[in-house]
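All remarks here apply to the structure that follows.
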């Protein structure tokens, strides 16, 4: 899932400073799971925005705002309340915000920062796992992503900056190469690490891709 | 004699490391160069070390070469994408720089006021492969070059890295890709290098057996890092800020007890270099710009 963090109230109020009447959208999927854009958060936003002089014309949690079909349906259902609003505050990832933007005539302000693709350990613990590199080699690195878990995305082995087995950058974590090494050694598959790895193929990752499958 | 010509000889090699200025004023840089140039076989010019901005290492290495001083240009994968790497490598050759030390690159400090976007498109193994490719007269797109460079290529090793085997594997990858000399992170006791080097040599067979490399591999020359700890403050700074550096606890104790920390640090460095003469191919002296300290150590030796 996409992990998001709430922007500060100061930042949101600054972004909404030109508007008085606000409609709030939330996300029933990822942003609900990490407690940034679900029912509770949307209601809380309604509350503190009202305390700061805003008029909330309505709020709604779209199951997945990034799904345009669901967003269009929500916009139809909430047409009257949206018609009274001057801007919308969207508590979802950037994909959700932009899907709403493309289907609405009034300004949309993001209330969250999209941070990373996460594994959910529990409701309070989220770990970044995938960088969407478009060139997955997980089967060659004991299932541990070096693009994500190594800050330097090293594909041929560790850097010399580790402190013992701790990562130079994320000093509380064990170096991912140390983890890969131990895992492959246990599995008697160290031979995999002798392969010379090529650089990541960035041609796969040119931004703004549109995929239309038949 | 060129650094390249010295490598295959039995001469105990000495290199010294200097950082470019943080600005355009070369006065201190030139002063330090003056203090050490007569005692070293080449001078390394660091490349935004610790991801802290300094003037271009390429420009300062060229400045040395223009003055007739052999330079080792340090290049990291942190700040340049593959296009910039190719371009700068060719530029380096045009400017007469003959030696390159390939470094992965320290990560920018999280607490920086301005956090620069780290690149790391190519790792150190891939950068060495890139240099070798350019030397054959072709770029990464297999396009022919009009004029090809030729370099003496170095790589870095950290004798204290763990788990040892995975670091040995990567070091042999760098050698297999084309590294001809290795400069290590600083050590403070001879045993730190001895056990590492023995393990490195012992691993050659395993590496050759398992990898798709040209055999037999040539063991590169090892220039062991020496950093004189002339004060407790310096020791603590290195310990806290230099990635991968391990200072044994007894060094701190000795410095704390010493009535003259500078003298203690100098003596320890000189003693270490003496021991390294029998155990390595050379020494790489680092002192964070303390040119006088470096000169004292270098003068005390009969290299």
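The values are calculated or read from the model by the stated rules, or taken from the named source; none is laboratory data. This structure is a prediction, so every number in the text was calculated from the model and none was measured. Neighbour counts run over all protein chains shown; Cβ positions are idealised from the backbone, glycine included.
Do we have residue A:147 as assigned to a helix (DSSP H, G or I) and over 29 Å from residue A:57 (Cα atoms) here? Let's see the steps before the verdict.
Values: assigned to a helix (DSSP H, G or I): yes; over 29 Å from residue A:57 (Cα atoms): yes.
Yes, satisfied.
Going through the range B:280-290 one residue at a time, which ones are at pLDDT 95 or above and in contact with a helix residue (DSSP H, G or I) (Cβ under 6 Å, 6 or more places away or on another chain)?
Those that are at pLDDT 95 or above and in contact with a helix residue (DSSP H, G or I) (Cβ under 6 Å, 6 or more places away or on another chain): B:283, B:285.
Given (1) within 9 Å of chain A (Cβ to nearest Cβ); (2) in a helix (DSSP H, G or I); (3) without any contact (Cβ under 8 Å) to a residue 24 or more places away in the chain, identify the lone condition not met by residue B:110.
Result: residue B:110 fails condition (2) only.
Looking at the range B:48-91, which of its residues are surrounded by fewer than 17 Cβ atoms within 10 Å (Cβ to Cβ), farther than 26 Å from residue B:139 by Cα and within 14 Å of another protein chain (Cβ to nearest Cβ)?
B:50
How many residues are at the interface with another protein chain (Cβ under 9 Å from one of its Cβ atoms), free of Cβ contacts under 8 Å to residues at least 12 places away in the same chain and at positive phi when one looks only at the range A:155-212?
Total satisfying the criteria: 1.
Anything in the range A:83-127 that is in contact with a strand residue (DSSP E or B) (Cβ under 8 Å, 6 or more places away or on another chain), outside any strand (DSSP E or B) and within 14 Å of residue A:31 (Cα to Cα)? List them, or say none.
Going residue by residue through the range A:83-127, those that are in contact with a strand residue (DSSP E or B) (Cβ under 8 Å, 6 or more places away or on another chain) are A:84-97, A:100-101, A:104, A:106-121, A:126-127.
This time we only want the ones that are outside any strand (DSSP E or B), so: A:84-86, A:92-97, A:100-101, A:104, A:106-107, A:111.
Matches in the range A:83-127: A:92, A:93, A:94, A:95, A:96, A:97, A:111.
If we scan the range B:59-79, do we find a residue that is modelled with pLDDT of 95 or more, under 15 Å from the mean Cα position of the chain (by Cα) and in a helix (DSSP H, G or I)?
yes
Tell me which of these residue A:50 doesn't satisfy, since it passes every other one: (1) under 22 Å from the mean Cα position of the chain (by Cα); (2) assigned to a helix (DSSP H, G or I).
Failed condition: (1).
In the set A:150, A:159, A:167, A:133, which member is under 21 Å from the mean Cα position of the chain (by Cα) and under 24 Å from residue A:191 (Cα atoms)? Give the steps one after another, and end with the answer.
Details: A:159 fails: under 21 Å from the mean Cα position of the chain (by Cα); A:167 fails: under 21 Å from the mean Cα position of the chain (by Cα); A:133 fails: under 24 Å from residue A:191 (Cα atoms).
Selected residue: A:150, the only one of A:150, A:159, A:167, A:133 that is under 21 Å from the mean Cα position of the chain (by Cα) and under 24 Å from residue A:191 (Cα atoms).
Just one of the numbered conditions (1) surrounded by fewer than 21 Cβ atoms within 10 Å (Cβ to Cβ); (2) at pLDDT 95 or above is not true of residue B:101; which one?
(1)
Name every residue in the range A:141-171 that is within 17 Å of residue A:129 (Cβ to Cβ) and surrounded by fewer than 15 Cβ atoms within 10 Å (Cβ to Cβ), in order of residue number.
Within the range A:141-171, just A:143 meets the criteria.
Got a sec? Which of B:194, B:198 is assigned to a helix (DSSP H, G or I), in contact (Cβ under 8 Å) with a residue 60 or more places away in the chain and more than 18 Å from the chain's Cα centre (by Cα)? First the steps, then the outcome.
Working: B:198 fails: in contact (Cβ under 8 Å) with a residue 60 or more places away in the chain.
Of B:194, B:198, the one residue that is assigned to a helix (DSSP H, G or I), in contact (Cβ under 8 Å) with a residue 60 or more places away in the chain and more than 18 Å from the chain's Cα centre (by Cα) is B:194.
Test each condition in (1) in a helix (DSSP H, G or I); (2) buried (at least 20 other Cβ atoms within 10 Å of the Cβ); (3) more than 9 Å from chain A (Cβ to nearest Cβ); (4) at pLDDT 95 or above for residue B:171 and report the one that comes out false.
It fails just one condition, (3).
In the range B:161-180, how many residues are in contact (Cβ under 8 Å) with a residue 12 or more places away in the chain and under 19 Å from residue B:105 (Cβ atoms)? Full working, then the answer.
So the first thing to find is which residues in the range B:161-180 are in contact (Cβ under 8 Å) with a residue 12 or more places away in the chain, and the list is B:161, B:164-165, B:168-180.
Filter once more, so that each one left must be under 19 Å from residue B:105 (Cβ atoms): B:161, B:170-171, B:173-174, B:177-179.
Residues flagged as in contact (Cβ under 8 Å) with a residue 12 or more places away in the chain and under 19 Å from residue B:105 (Cβ atoms) within the range B:161-180 amount to 8.
Out of B:140, B:164, B:130, B:145, I need the residue that is under 13 Å from residue B:90 (Cβ atoms), within 14 Å of chain A (Cβ to nearest Cβ) and surrounded by fewer than 17 Cβ atoms within 10 Å (Cβ to Cβ). Which one? Before you say what the answer is, go through the steps one by one.
Details: B:164 fails: under 13 Å from residue B:90 (Cβ atoms); B:130 fails: surrounded by fewer than 17 Cβ atoms within 10 Å (Cβ to Cβ); B:145 fails: within 14 Å of chain A (Cβ to nearest Cβ).
Among B:140, B:164, B:130, B:145, only B:140 is under 13 Å from residue B:90 (Cβ atoms), within 14 Å of chain A (Cβ to nearest Cβ) and surrounded by fewer than 17 Cβ atoms within 10 Å (Cβ to Cβ).
Listed here are the residues, each with its yes/no results for (1) in contact with a strand residue (DSSP E or B) (Cβ under 7 Å, 6 or more places away or on another chain); (2) crowded, with 20+ Cβ neighbours inside 10 Å.
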position: B:223; (1), (2): yes, yes
position: B:235; (1), (2): no, yes
position: B:242; (1), (2): no, no
position: B:250; (1), (2): no, no
position: B:253; (1), (2): no, no
position: B:261; (1), (2): no, no
position: B:265; (1), (2): no, yes
position: B:273; (1), (2): yes, yes
position: B:292; (1), (2): no, no
